[in-house]
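Before any comments, here is the structure.
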Amino acid sequence: MAETDLQIEEKKAVQAGGESTRDFPVFIPAVDIYESENALTLLADMPGVPIDKIDIDLDSDQLTIRGTVPQQELKGKVIFKEFTYGDYYRQFTLSSDIDRGKIEASIKEGVLKLVLPKAEAAKPKKITVQST
Amino acid sequence: MAIFRYPNWRWPDLPGAMEDFERARRQMDRLLSVFSGGTETAASSGVFPPLIVTEDEDKIYVEAEIPGIKAEDLEISVVGRTLTLSGERKPEEAQEVNYHRRERKWGSFRKALTLPEDVNAEAVKAECKDGLLKLVLPKPEHVKPRKITINGQ
């Protein structure tokens with residue numbers, strides 16, 4: 001058996017909150033969030049979202065990501081169906097101060113990458129101890 | 001005191017036991033959601049990637065969600081009626097970072113599917129865009145339904 005065999009992670013539907021006007025399911029994307037000395041990086045799986053349909057909003061400490069999947073036309077009759085197309089929506093509360101002007105977002109192979117650089121004040125400061 | 005990291009811990013002499021539990025859990029969930037009047041859930045095989053297979057008179061269409069997989073890390077083959085998708089989802093290389101959340105999965109995968117009809121393997125088209133894979137598998141002439149015209153006298 002391989003070290004890690006990939007299994008399907010069933011998509012989780014958004015339960016409450018702002019209901020969509022579009023009759024289309026909305027899912028919670030799986031994310032990785034990691035912090036380095038200078039930035040907070042967020043990766044979100046959003047297959048089917050084109051680059052121009054991604055919406056990122058930072059309102060005080062509330063970060064909202066939204067991805068819209070264009071309507072997918074299934075051709076012919078369905079034989080087998082393991083997933084449903086839908087939009088993505090997720091909200092986070094950020095703890096550290098972010099330098100808003102320098103946020104970078106990119107999307108590659110359906111994975112959103114958001115780099116949120118920390119504001120100068122939030123960066124750890126090294127204090128040099130001088131020996132006398 | 002010995003400290004074990006949970007993800008590395010395995011059932012001794014029971015390979016695949018956790019996968020079996022996981023499959024049983026999924027089936028229970030599906031059953032319960034049907035009983036409680038939930039929406040239609042896909043009858044999932046549990047093997048990555050999730051697929052949608054549709055067909056019309058001339059073609060079979062296969063769509064898969066494969067976020068984060070580069071085209072070169074994906075292998076698609078058609079042998080007879082068996083379509084096989086295999087590849088690897090690689091983790092992002094990040095060094096000296098603290099993970100706050102780690103929900104995205106990685107690893108290798110292999111999924112084989114028996115197609116409902118013969119296909120012309122030479123003419124299969126594959127397109128990978130925004131983390132979606134779309135395959136078009138044309139049916140050969142002999143399996144296409146033929147219209148028979150009735151000659152009146």
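The values are calculated or read from the model by the stated rules, or taken from the named source; none is laboratory data. Note that the structure is a prediction, hence the values are computed from the model and not measured. With ideal geometry, Cβ positions are generated from the backbone for all residues, glycine too; neighbour counts draw on all protein chains shown.
Here are the numbers for this structure:
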| read-out | value |
| --- | --- |
| Index of the failed condition, residue B:119 passing every other in (1) of a type in the set (A, V, I, L, M, F, W, C); (2) facing chain A (nearest Cβ under 10 Å); (3) within 19 Å of residue A:80 (Cα to Cα) | (2) |
| Residue check for residue B:116: farther than 19 Å from residue B:87 by Cβ, at pLDDT 90 or above and in contact with an Asp or Glu (Cβ under 7 Å, 6 or more places away or on another chain) | no |
| Of all residues in region A:57-78 being surrounded by fewer than 17 Cβ atoms within 10 Å (Cβ to Cβ) and of a type in the set (Gly, Ala, Ser), the one that is nearest to the chain's Cα centre (by Cα) | A:60 |
| Matching residues, region B:34-65, being surrounded by 13 or more Cβ atoms within 10 Å (Cβ to Cβ), closer than 17 Å to residue A:9 by Cα and either at pLDDT below 90 or within 7 Å of chain A (Cβ to nearest Cβ) (or both) | B:41, B:42, B:44, B:45, B:46, B:47, B:48, B:50, B:51, B:52, B:65 |
| Residues of region A:79-132 satisfying the condition of being part of a strand (DSSP E or B) and loosely packed, with under 13 Cβ neighbours inside 10 Å | A:93, A:104, A:106 |
| Some residue of region A:69-82 being in contact with a Leu (Cβ under 8 Å, 6 or more places away or on another chain), in contact (Cβ under 8 Å) with a residue 12 or more places away in the chain and over 20 Å from residue B:127 (Cβ atoms) | no |
| Residue among B:93, B:75 that alone is part of a loop (DSSP other than H, G, I, E, B) and more than 7 Å from chain A (Cβ to nearest Cβ) | B:93 |
| Those residues of region B:127-140 which are surrounded by fewer than 15 Cβ atoms within 10 Å (Cβ to Cβ) and either in a strand (DSSP E or B) or on the phi > 0 side of the Ramachandran plot (or both), in sequence order | B:127, B:129 |
